[in-house]
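Here the structure comes first, spelled out in structure tokens, and everything after it is commentary.
Values quoted throughout were computed directly from the atomic coordinates according to the rules given, and no laboratory measurement underlies them. This is a predicted model, so every value here is computed, not measured. Quick reminder, even Gly has a Cβ in these numbers, built from the backbone with ideal geometry, and neighbours come from all protein chains shown.
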Amino acid sequence: MYLRALEITPTSAVSFRKGLMSHKTIASYPFIPPTVLSGFLFRVLKISKMNELPPTRAFQKDGFDELNYFVLENPQVSSLSEVHSLGGYADQTATFSSFRKTSQDVSKLGVTYASELYPFRASRGLISTLLREANQRGLPSDDAAKIADAANKTSSSNYLKMVEVQLRHFLCTGERPEVIEMGTFGHKLRPQPMNWEFTVSEKFRALLVSRHANLFDEFDLIQNYGCKIGKEGFAFVSKVLSTLKITKSEGRFTSSTIIPLDPKITHTEVDEPKDPESVYYFDWSKKTFVREIFAMNGSQANGGYYTDDGNQWTIPVATLEKLGVNDA
């Protein structure tokens, strides 16, 4: 197994959004999550080669489309799918909150959704299914036609969700959908205060692992290149360190990365967890995002880990296992 470390320098405060969260607060992780780092480096590699960046897309439909997920590990879009991101870590970070004023979508039924923050998105297919059920329950054909036309034309998942809520209300109560009485699918908004957290650090140490040392050659020329990172902020690769061979060991160690707090992992015991966080990562075997509890870097543990000759880095086997890294 091989490891390569990079130094990532933010040009200002950055925000790595936690999810799921209240629509009143956008909270920020104090480290660069593995998925965020992977997407950042995927784009930096593109920029260093003067290639076109992939378009920004929101996941607005049911299921997962691999062609729209731009990370190193994705074999559908990357030639470096056997390079795995373990996240980026700092010796010291601080967070602060910035007050912002935003607008919240409001349904006449009293159901509210902060733009793009609610966890379950509606699809046009679901709206079509609900419309068929509503037609069978006596929804006037003119109302059904207006709903179908507006839902097909809108690009906002907020509006689709609003339509879903009101169609379900009609199916339960028989009351005419309020959205028709609005006369339009334009925004009905009210001002809302929001606390937006930012993370401040001088630099982060980003860690990548692979079973093939030659794959790290791609990163030799990305120093001083940068792009947007996380929810908010910009950073660049300020230093690319040498590739190190890491070997497996057993015993007590201090983790250089996040480490899972999963009772099902019997071969590793985290006896001094540090600042546990709920972290999302991508389960490639199931092709879905998964949320687990991880302790932060600096946690004390017993079990299997990888380290270099100088014991500069210690990578838990449990972390590799969770992130889908084959260490065989």
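Applying 1/(1 + (r/R0)^6) with R0 = 30 Å to the Cβ-Cβ distance of Asp275 and Asn326 gives a FRET efficiency near 0.55. The Ser123 and Cys172 beta-carbon pair, evaluated with R₀ = 25 Å, returns a calculated FRET efficiency of approximately 0.75. Scanning residues 5 or more positions from Thr257 or on other chains, those with amide H under 5 Å from its amide H are Gly298, with H placed 1.01 Å from N in the peptide plane.
Length available on full extension from Leu221 to Lys203: 0.36 nm per residue minus the Cα-Cα distance, which gives 4.6 nm.
Phi angles across region 33-42 convert, under the Karplus curve 6.51 cos²θ - 1.76 cosθ + 1.60 with θ = phi - 60°, into 3J(HN,Hα) values of x, x, 5, 5, 4, 4, x, 4, 5, 4 Hz, Gly and Pro given as x. Close amide H contacts of Asp327 (hydrogens built in the peptide plane, cut-off under 5 Å, sequence separation of 5 or more or a different chain): none are found.
Taking label points 7 Å from Cα along the Cα-to-Cβ direction, Asp149 and Ala27 give a separation of 4.6 nm.
In region 300-328, whose amide N lies under 16 Å from the spot 7 Å out along Cα-to-Cβ of Lys286? List them in ranges. What the label zone holds, given the 16 Å backbone N cut-off, is 321-325.
When each of the peptides 252-265, 211-224 is scored by how many other beta carbons lie within 10 Å of its residues on average, the order from highest to lowest is 252-265, 211-224.
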